[in-house]
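For reference, the structure is listed below as structure tokens.
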């Protein structure tokens, strides 16, 4: 269990590995949000499978306006722009949930009777907005990051060769919800 100390505490240092039951789950927009780190996710949440060994990374950026007094001294600051983005490299290129997230559910058709068939329409349509739950195993506990309004902003180069997995290297924007929050982080530790 983490502790607070002025000299630093090794128990507060952790890594960001996914849980054994899966790391990233997506659900349609407006799905009820999870509100803790451990309650089972609703059936609407679907696992998007393996992510590359690089893991995932988050970038928070803000633009700050400096308010200066007459002689030029900064007397206050205000945030004028705030953005949260996630880099996620999906390596299950045949996972229909990944394809729907990347290209939009209207652009992906799956037929499972007879021969399994997936058809993807690649076009400039807007990707679907979705709810994202990221399940992490942290030292002595669990963490869940919930993105109430996620949307794929861009897809990097998709490479087809004989040695690397076909992957969708994406940037997901965490859009602000009605409360102005881009994400919620819940952490629980064993007692």
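The values are calculated or read from the model by the stated rules, or taken from the named source; none is laboratory data. Computed from a predicted structure; not experimentally measured. In this analysis, Cβ positions are derived from the backbone assuming ideal geometry, glycine residues included, and neighbour counts consider all displayed protein chains.
Quick notes on this structure:
- Subset of segment 82-93 (residues that are surrounded by fewer than 22 Cβ atoms within 10 Å (Cβ to Cβ), within 14 Å of residue 52 (Cα to Cα) and more than 11 Å from the chain's Cα centre (by Cα)): 91, 92, 93
- Residue in segment 153-167 that is closer than 18 Å to residue 28 by Cβ and in contact (Cβ under 8 Å) with a residue 40 or more places away in the chain present: no
- Any hit, segment 65-76, residues being closer than 20 Å to residue 174 by Cα, touching a strand residue (DSSP E or B) at 6+ places or on another chain (Cβ under 7 Å), surrounded by 10 or more Cβ atoms within 10 Å (Cβ to Cβ) and without any contact (Cβ under 8 Å) to a residue 60 or more places away in the chain: no
- All of 102, 138, 96 fail the test of being surrounded by 13 or more Cβ atoms within 10 Å (Cβ to Cβ), touching a strand residue (DSSP E or B) at 6+ places or on another chain (Cβ under 8 Å), touching a residue at least 40 places away in the same chain (Cβ under 8 Å) and more than 26 Å from residue 36 (Cβ to Cβ), apart from 102.
- Strands (runs of 3 or more DSSP E) contained entirely in segment 117-191, each with at least 2 residues that are modelled with pLDDT of 95 or more and closer than 19 Å to residue 17 by Cβ: 130-138, 141-155, 184-189
- In segment 21-40, of all residues being closer than 25 Å to residue 179 by Cα and surrounded by 18 or more Cβ atoms within 10 Å (Cβ to Cβ), the one that is nearest to the chain's Cα centre (by Cα) corresponds to 24.
- Residues of segment 108-131 satisfying the condition of being surrounded by 10 or more Cβ atoms within 10 Å (Cβ to Cβ) and more than 20 Å from residue 171 (Cβ to Cβ): 109, 110, 111, 116, 117, 118, 119, 121
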